[in-house]
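If you scroll down you'll find the structure; I have some questions about it.
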Amino acid sequence: MSLPYVILTVLSTRDATGYDITKEFSYSIGYFWKASHQQVYRELNKLAANDMVTCELQPQSGKPDKKIYSITDKGREALASWFDQPIAHPAVRDEFAAKLYACEVQPSEGFSDQLQLALSDSRNWCSSIKRLRTHTTLMYVYSIKERRSNA
């Protein structure tokens with residue numbers, strides 16, 4: 001399962017709370033991987049139990065302590081090992097492709113509206129990926145600057 005490695009990837013760029021990581025899943029990561037806040041916190045607990053992340057408690061006035069997670073060397077090694085593994089090809093079940101196939105035996109006049117909608121959705125998805133690439137690049141540059149200022 002890739003979820004712990006996606007979390008380790010986030011923590012490779014900066015220390016973060018579970019809330020911060022969950023926000024990443026709502027924005028940038030959510031374009032290619034979905035995870036609920038329960039899943040994120042469950043994985044963070046497992047990663048901490050396996051010494052792949054550490055958790056530092058930061059006191060807050062009038063609120064529960066904030067848990068700030070950091071990746072460990074063991075976590076970086078696990079991430080690198082996972083990254084070097086071959087990609088498992090997912091089973092594909094594509095309703096759009098199935099409907100294209102059915103156009104051979106079904107009247108396809110009404111399908112052109114669905115085709116236009118799919119095309120529009122694909123263009124929107126491409127725009128989102130371009131924004132994600134920009135966001136990811138900015139996060140990477142920021143993390144380098146942050147590390148240099150803390151060194």
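None of the figures in this text is laboratory data; all of them are computed from the coordinates on show. All of these numbers come straight from a predicted model, not from anything done at the bench. Ideal geometry is used to build each Cβ from the backbone, glycine not excepted, and the neighbour counts take in all protein chains shown.
Put a dot 7 Å past each Cα toward the Cβ at Ala88 and Gln60; how far apart are the dots in nm?
Calculated label separation equals 3.6 nm.
Work out how much length Arg123 to Lys99 would gain on full extension: take 0.36 nm times their residue separation and subtract the Cα-Cα distance, in nm to one decimal.
On the way: separation 24, 0.36 × 24 = 8.64 nm, distance 1.97 nm.
Result: 6.7 nm gained on full extension.
Taking Cα centroids, how far is the stretch 10-43 from the stretch 91-130 in Å?
Between the Cα centres of the stretch 10-43 and the stretch 91-130 lies a distance of 30 Å.
When only C-alpha pairs under 8 Å and at least 6 residues apart count, what is the relative contact order of the stretch 1-105, in percent? Write down the numbers at each step before the final one.
On the way: 93 pairs, mean separation 29.7, N = 105.
Relative contact order for the stretch 1-105 comes out at 28 percent.
Okay, next question. Quick check: pseudo-label points 7 Å beyond the Cα along Cα→Cβ at Asp20 and Arg42, how many nm apart are they?
Each label point is offset 7 Å from its Cα along the Cβ direction, giving 2.4 nm.
Apply the Karplus curve 6.51 cos²θ - 1.76 cosθ + 1.60, θ = phi - 60°, to the phi angles in the stretch 51-62 and return the couplings in whole Hz, x for Gly and Pro.
Running phi through 6.51 cos²θ - 1.76 cosθ + 1.60 with θ = phi - 60° gives 6, 8, 9, 10, 10, 10, 8, 10, x, 10, 6, x Hz.
Lys46: which lysines have alpha carbons under 20 Å from its alpha carbon, excluding same-chain residues fewer than 8 sequence positions away?
Cα-Cα hits under 20 Å: Lys23, Lys34, Lys66, Lys67, Lys74.
Next question. What's the ranking of 6-13, 125-132 by average number of surrounding C-beta atoms within 10 Å, highest first?
Working: 6-13: 20.2, 125-132: 12.2.
Highest mean packing first, the order is 6-13, 125-132.
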